[in-house]
Amino acid sequence: MPIRVLIADDQTLVRTGFRLILNADPDIEVISEAADGESAVRLARRFRPDVTLMDIRMPGLDGIRATELLAGPTVADPLRVVVVTTYDVDENVYAALLAGACGFLLKDAGPRLLVEAVHAAAKGESMVSPSVTVRLLAHFTSDPTRSLVRPDVPLTARELDVVLAVARGRTNAEVSAELRISLSTVKTHLASVQGKLEARNRTEIAIWAWRNRLLT
């Protein structure tokens, strides 16, 4: 089955461009488009796509609130939402993370990263634009009051190895190869870490590692 994608953006040219790029991948199918947040929420709840690409600034209901309605901590069966924005890291992206977004991508990131972000989100992983990653980490590490996850939690040695790999941007497959453990073991460790840290996704795990200066 192809990865089913919903594109939410108020610009017709952006939606058209994304659709052409994604439909060129044999493993991806764009099933619907939305020009505003309200339509995005309605269509996502109706079709339950594997991944929703969500613009931040749209008329009416903005992308942050729409993301919260689809993927927020109070949603019983959250969807996978990747925020796609024209703007680099700012308060809007911070808010989107809290709203439950599993990835961040700049609109000028290029076709390859767009496709990779969809594949990553569909697998339960996260894709963050490189420039966004640098500024996102700086945003959270510079201010000790901006804590998304619990600061002091005991992890096993192997869980810590997995956390450090994730914080370096490794995928599950890369973590498996690097640590010489099975893919299922990687997933088990990640699930354990998320529970201990009360983190909702890999991005929050990476932030926890950087916030606690496990990497520099």
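The values are calculated or read from the model by the stated rules, or taken from the named source; none is laboratory data. Bear in mind that the values here come from a model prediction, so they are computed numbers and not experimental data. With ideal geometry, Cβ positions are generated from the backbone for all residues, glycine too; neighbour counts draw on all protein chains shown. The accessibility values were calculated without ligands, DNA or RNA, using every heavy atom of the protein model including side chains. Shrake-Rupley method; radii C 1.70, N 1.55, O 1.52, S 1.80 Å.
For first residues located in segment 194-216 and acidic (D, E), partners that are open to solvent by 50 Å² or more (accessible area, probe 1.4 Å) and not in a helix (DSSP H, G or I) and lie 6+ apart or on another chain with Cβ distances below 9 Å form the pairs E198/R150; E204/E198.
Please find, within segment 62-97, the residue that is modelled with the lowest pLDDT out of those that are part of a helix (DSSP H, G or I) and of a type in the set (S, T, Y).
Across segment 62-97, the extreme among qualifying residues is Y94.
Return the residues of segment 162-179 that are in contact (Cβ under 8 Å) with a residue 24 or more places away in the chain, open to solvent by less than 60 Å² (accessible area, probe 1.4 Å) and not small (G, A, S); say none if nothing qualifies.
Here is the first cut: in segment 162-179, the ones in contact (Cβ under 8 Å) with a residue 24 or more places away in the chain are 162-164, 166-169, 171-172.
Then drop every residue that is not open to solvent by less than 60 Å² (accessible area, probe 1.4 Å), which leaves 162-164, 166-167, 169, 171-172.
V162, V163, L164, V166, T171, N172, listed by residue number.
Filtered by the rule that a residue be surrounded by fewer than 23 Cβ atoms within 10 Å (Cβ to Cβ) and more than 27 Å from M1 (Cα to Cα), segment 29-67 gives D36, E38, R57, P59, G60, L61, D62, R65. From the list R45, R19, R15, R57, the one residue that fits, being touching a helix residue (DSSP H, G or I) at 6+ places or on another chain (Cβ under 8 Å), of a type outside the set (A, V, I, L, M), farther than 21 Å from G124 by Cα and not in a strand (DSSP E or B), is R57.
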